[in-house]
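The values are calculated or read from the model by the stated rules, or taken from the named source; none is laboratory data. This one's a predicted model, so the numbers in the text were calculated from it and none came from an experiment. Don't worry about glycine lacking a Cβ; one is built from the backbone with ideal geometry, like all the others, and counts go over all protein chains shown.
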Amino acid sequence: MTVSSAETYLPPPVEERYPEGCFVQMDNVILRYPIGPFVKGSIKVGLFSLFGHKPLEARVRRPYITALDGVSLTFMRGERVGIIGRNGAGKSTALLSIAGIYPIASGGLTVQGKIQALFNIGLGFEPDATGRENITYRGLAMGCTPEEIEKRAEEIIAFADIGEFIDMPIRTYSSGMYVRLAFSISTYLEGDILLIDEVFGAGDAAFQKKAVERIRSLVTTAGLVVMVTHDMKIINTACSRAIWLERGRVRMDGPAQEVAEAYLKDTAG
Amino acid sequence: MIFSATKTFTVGLFDLRMGYIRDIIRYRHFWVHLALSDLRARFRRSYLGILWVALQPLLLTLIISSVLKFVFNMTFTEYSIYIFSGIIAWDFLKGCVDFGAACFLTAEGYIRQVRLPMAIYPLKALLYCAIVFTMAFAGFAIYTLLLEPSCFSWYWLYLFPFFAVLVLFGAPLAIISAIINIKFRDFQQFIGLILQIIWYMSPIFLPRNVFDKPMLRDWTAINPIAALMDIFRQPVLDGIPPDLRAYGLMLVWALGLWALSLWMLVRNERKIIFYY
């Protein structure tokens with residue numbers, strides 16, 4: 001499918017492969033990140049408290065940080081959503097909660113579709129195994145069978161385009177190669193919902209261009225892309241819609257260019 | 001066909017996820033692969049490779065048997081078989097605790113990336129230990145048949161229920177150990193000492209009759225390790241059917257540990273991510 005067909009804001013027709021369509025619905029989601037475990041969880045702290053030393057938890061006001069504070073959003077099939085905002089605004093947390101990794105404290109979160117996540121690069125790679133082996137590991141973690149991964153492996157390797165490094169241990173890779181391989185695996189092991197967290201930085205310009213193309217074409221064949229990035233150029237070229245998060249709340253939601261512009265204006269002033 | 005599967009899940013306050021066990025089975029390729037990759041990693045670039053799994057307990061057995069022969073003048077062959085059996089069964093349980101404790105920490109990359117049932121990580125540790133035990137047992141069987149062929153009898157068939165009990169007892173150990181250690185990292189340091197004490201207080205390398213002395217009798221009566229060693233050794237070494245009372249004790253222990261481990265798992269399944 002050509003890139004231009006994905007330019008329209010209307011979601012493409014639902015294919016047979018996804019009869020029910022995929023979507024993410026967040027309804028007044030509150031997510032609290034406990035600070036407790038880090039202080040509570042050691043015997044040392046327990047011993048100190050015997051001698052009247054107050055643990056940090058008792059000194060800070062709340063035992064948790066409210067990372068998402070009443071977020072209501074709906075992402076439908078065919079959307080390419082970019083999430084922007086300052087550091088600590090809850091962007092990554094939002095992605096992680098959609099992926100089901102962080103439990104939410106209250107509200108409703110419904111996800112329909114198979115999730116394909118690309119969070120911190122390097123995580124989820126076995127450093128001593130080769131690139132090829134890591135394709136298998138990650139594929140299996142995504143619930144694919146070895147045969148399905150086998151079928152996809154050549155495409156993944158071709159897109160990653162890291163030459164002979166594919167048969168070398170991951171620990172010999174440069175950070176750019178990490179991104180290439182991770183991105184390639186996540187986008188070729190098809191999921192319905194692709195979540196990407198700030199991974200383009202390490203790739204070179206040529207790869208970034210290729211990745212943006214890939215994301216645009218993905219939406220026409222797969223489903224829904226939600227990404228977090230600080231790069232407004234990527235927001236403008238790859239996304240159809242942008243969400244601006246601030247202190248765990250949605251500050252603005254609309255067409256990518258408009259939101260990116262408003263955000264840039266705000267940060268400059 | 002997993003590619004086309006659409007999965008619906010709702011995460012909310014009362015998040016009871018259906019199909020937990022179904023997911024464990026669905027992702028079997030993944031955790032089986034992890035266990036095999038751990039095994040490969042352990043023996044990467046070693047000349048004898050996987051042979052070490054049997055070689056290590058054998059050499060330890062020979063060392064202990066030799067020492068005890070010189071010090072206490074015990075018969076070497078018979079006693080070395082006794083020790084060998086004790087060591088491999090103990091190594092399995094210790095492995096469940098140790099690898100269980102490490103399993104969430106080493107799987108951080110996956111746990112932060114995909115939501116899978118947390119139980120697959122202790123399960124991976126269990127599988128790893130089971131593979132190691134199977135190979136060590138093969139070494140033990142060969143050693144026994146070479147040195148003491150008279151040990152072999154149809155009673156060896158009683159080993160199958162023993163294997164089942166071993167897994168049934170080891171699995172909750174791995175789960176409990178995994179959950180405690182992710183919350184209290186001191187556990188990993190501390191449990192080694194506890195295990196060392198249990199090792200001395202169980203019939204692993206010291207003769208069995210030591211543990212029937214008045215001072216230790218009550219402890220031995222409830223010690224699951226002693227019961228486990230009995231149901232392992234009676235058919236293999238003594239040529240008698242295993243003690244049913246020992247089986248009963250093992251089942252009580254296993255049930256208790258399972259109840260505890262499942263309770264801990266249900267309470268902590270979603271919280272584990274916050275402890276990294």
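Below is a table of values for the structure above.
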| quantity | calculated |
| --- | --- |
| The range B:19-34, residues that are in a helix (DSSP H, G or I) and of a type outside the set (V, I, T) | B:Y20, B:R22, B:D23, B:R26, B:R28, B:H29, B:F30, B:W31, B:H33, B:L34 |
| Criterion: touching a Gly at 6+ places or on another chain (Cβ under 9 Å) and under 18 Å from A:A94 (Cβ atoms) - qualifying residue of A:G203, A:G254, A:G248 | A:G248 |
| For B:D238: the one exception among (1) surrounded by fewer than 20 Cβ atoms within 10 Å (Cβ to Cβ); (2) modelled with pLDDT of 95 or more | (2) |
| Flag for A:A182 being touching a residue at least 60 places away in the same chain (Cβ under 8 Å), in a helix (DSSP H, G or I), closer than 27 Å to B:Y276 by Cα and not acidic (D, E) | yes |
| Condition met for A:A89 (touching a helix residue (DSSP H, G or I) at 6+ places or on another chain (Cβ under 8 Å) and either surrounded by fewer than 19 Cβ atoms within 10 Å (Cβ to Cβ) or hydrophobic (A, V, I, L, M, F, W, C) (or both)) | no |
| Enumerated helices (runs of 4 or more DSSP H) restricted to the range A:89-166, each holding at least 1 residues that are under 16 Å from A:V24 (Cβ atoms) and more than 7 Å from chain B (Cβ to nearest Cβ) | A:91-98 |
| Only one of B:A41, B:A54, B:A35 that is within 21 Å of the chain's Cα centre (by Cα), within 13 Å of chain A (Cβ to nearest Cβ), crowded, with 18+ Cβ neighbours inside 10 Å and within 25 Å of B:G100 (Cβ to Cβ) | B:A35 |
| Any hit, the range B:206-228, residues being farther than 30 Å from B:C151 by Cα, under 21 Å from the mean Cα position of the chain (by Cα) and not in a helix (DSSP H, G or I) | no |
| Which numbered condition B:Y27 misses (of (1) closer than 30 Å to A:R132 by Cα; (2) surrounded by fewer than 18 Cβ atoms within 10 Å (Cβ to Cβ); (3) of a type outside the set (A, V, I, L, M, F, W, C)) | (2) |
| Residue in the range B:26-38 that is aliphatic (A, V, I, L, M) and modelled with pLDDT under 90 present | no |
| Only listed residue being of a type in the set (G, A, S) and free of Cβ contacts under 8 Å to residues at least 24 places away in the same chain, chosen from B:A171, B:A226, B:A246 | B:A246 |
| Every residue from the range B:175-198 that is within 10 Å of chain A (Cβ to nearest Cβ), surrounded by 16 or more Cβ atoms within 10 Å (Cβ to Cβ) and not in a loop (DSSP other than H, G, I, E, B) | B:I182, B:K183, B:F187 |
| Condition check for A:L189: at pLDDT below 85, surrounded by fewer than 18 Cβ atoms within 10 Å (Cβ to Cβ) and within 12 Å of chain B (Cβ to nearest Cβ) | no |
| In the range B:126-147, the residues that are without any contact (Cβ under 8 Å) to a residue 60 or more places away in the chain and surrounded by 23 or more Cβ atoms within 10 Å (Cβ to Cβ) | B:L126, B:C129, B:F133 |
| Qualifying positions in the range A:218-269 - in contact (Cβ under 8 Å) with a residue 40 or more places away in the chain, part of a helix (DSSP H, G or I) and over 30 Å from A:Y64 (Cβ atoms) | A:V219, A:T220, A:T221, A:M232, A:I234, A:I235, A:A238, A:A256, A:A260 |
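Every residue, every condition in (1) without any contact (Cβ under 8 Å) to a residue 60 or more places away in the chain; (2) surrounded by fewer than 21 Cβ atoms within 10 Å (Cβ to Cβ); (3) in contact with a Leu (Cβ under 7 Å, 6 or more places away or on another chain), yes or no:
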position: A:S106; (1), (2), (3): no, yes, yes
position: A:C144; (1), (2), (3): yes, no, yes
position: A:E148; (1), (2), (3): yes, yes, no
position: A:D167; (1), (2), (3): yes, yes, no
